[in-house]
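S.K.: Quick one: this structure, given as structure tokens, is what I'll be asking you about.
FYI, it's all coordinate maths here, none of it is from the lab. In this text the structure is predicted, and so the values were computed from the model without any measurement. All Cβ positions, even for glycine, are placed from backbone atoms using ideal geometry, and neighbour counts span all protein chains on display.
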Amino acid sequence: MTVKVAVLLASFNGEHYIKEQVASILAQDGVEPYLIISDDGSTDRTLRCIDEFAPFLGERLSILHGCRPFELSIRCSAYNFYYLIYSVDLPSDLQWVAFSDQDDIWHPDHLFRAISLIEQRNAAGYSSSVTAFWPNGKKRLIKKCGHISRYNHLFESPGPGCSFVLPRASFDNLQSHLRKNLPLASRINFHDWAIFAYIRSIGGHWVIDPAPSLLYRQHDANVIGIQMTPRAIRKRLDLLFGCWYRDQCLAVASFSGQSMVKPVRHLLNFNCLDRFVLACMIFVHRRRFRDRLLLSIAFLFMNPIDKDRDIVY
């Protein structure tokens, strides 16, 4: 029996890249992809590029645009994916759900390998390492493996959301929770972190594939990307040591129903003792030692949350 996979793709002014990505989705081995696209008001030829695939996809192509059932309090990069998750009504025979950006290129075995690993390990979610690539032809492996601890979903995502694959049961749980808690989700600027945190909070096992499953395009329009220029490094440090990172951790904890666990209580109080305790919890908040060390230092020196922001946890 053919394995049918819903691929949720968020698009916005992606005319230069989207055709290559859709072609890589259609070329997946061993599965039948159903493409569901939410377009966030593109003003270029994105929708025309998508329409070129309509004759090949037929009923396996759906496009959502122009009618949103909600307005998020913060217009963040995750808006389009939250809309997709909230709005889509999946047929019962689509038992797998994958997430896709508009500008990457999937390896032909991405979906088949993800599904195989999920079934082998009885997992509730999958993500992978990726291979970053630049317009000049440069490539670099971005490893996303590491130890998943009891609490690290409250402090980081497992990797790019464009590599995520979920069993239908996980997606249905996520969708139901998002529909009931949309205001809480809207505080989280990255949908991949929100998805990972919720799945882990309900006891779901998550598998991070050490092998890259896609080519992760790097360009000026990347929301984060993996650029390591002095400007990009400074931006990341500003986010980490400023109030933004702590704000996001608390929002993630609230959305996933874990506001009362030990590290979150310390994040809420955040006095000198709390900072010291968080810095000492080096083995629970990040996967890689380098990231653990940096975050432990950051806890000692980061700014408190901005009291002027209208945020309730």
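S.K.: How large is the helix-only mean residue ellipticity at 222 nm for the chain, computed as the sum of -39500 (n - 2.57) over DSSP H runs with n ≥ 4, divided by its residue count, in deg cm²/dmol to the nearest 500?
M.R.: Calculated at 222 nm, the ellipticity per residue is -11500 deg cm²/dmol.
S.K.: Cut-off under 18 Å on the C-alpha distance; same-chain residues fewer than 8 positions from K180 excluded. Which aspartates and glutamates are left, in chain and number order?
M.R.: Here the aspartates and glutamates satisfying the reach criterion relative to K180 are E71, D89, D172.
S.K.: Same structure, new question: At each listed q (0.13, 0.17, 0.26 Å⁻¹), what is the log10 of I(q)/I(0) that the Debye formula gives for the range 121-212 modelled as equal alpha-carbon point scatterers?
M.R.: For the range 121-212 at q = 0.13, 0.17, 0.26 Å⁻¹, log10 I(q)/I(0) is -0.46, -0.74, -1.42.
S.K.: Right, here's the next one. Compute the length gained on full extension between R231 and V261: take 0.36 nm times their separation in residues and subtract their Cα-Cα distance, giving the result in nm to one decimal.
M.R.: Contour length minus the Cα-Cα distance gives 7.3 nm.
S.K.: If you don't mind, there's one more thing I want to ask. Would you please report the Å³ per residue occupied by the convex hull of the alpha carbon atoms in the range 74-174?
M.R.: 149 Å³
S.K.: Could you sort the peptides 289-296, 242-249 by per-residue average Cβ neighbour count (10 Å cutoff), highest mean leading?
M.R.: 242-249, 289-296
S.K.: Something else now. Which three extents, in whole angstrom, do the alpha-carbon atoms of the range 157-275 cover along their principal axes, largest first?
M.R.: Result, largest extent first: 43, 38, 27 Å.
S.K.: Then there is this: Please report Rg over Rh for the chain, where both radii come from the alpha carbon positions and Rh follows the Kirkwood definition.
M.R.: Reported Rg/Rh (Cα atoms, Kirkwood Rh): 0.95.
S.K.: So what are the range 1-135's ellipsoid semi-axes, whole angstrom, largest first, if each one is the square root of 5 times an eigenvalue of the alpha-carbon gyration tensor?
M.R.: In descending order the semi-axes read 23, 18, 16 Å.
S.K.: Now for a separate question. Output wanted: per-residue J couplings in Hz (rounded whole) for the range 22-38, from phi through Karplus 6.51 cos²θ - 1.76 cosθ + 1.60, θ = phi - 60°, x for Gly and Pro.
M.R.: Ordered by residue, 3J(HN,Hα) equals 4, 4, 5, 5, 5, 8, 5, 7, x, 9, 10, x, 10, 8, 10, 10, 10 Hz.
S.K.: On to the next question. Excluding residues fewer than 8 places away in the same chain, name every one of the lysines whose C-alpha is closer than 30 Å to that of K138.
M.R.: Cα-Cα hits under 30 Å: K19, K235.
S.K.: Per the Cauchy relation, a quarter of the hull surface: what is the mean projected area of the convex hull of the alpha carbons in the range 1-41, in nm²?
M.R.: 2.8 nm²
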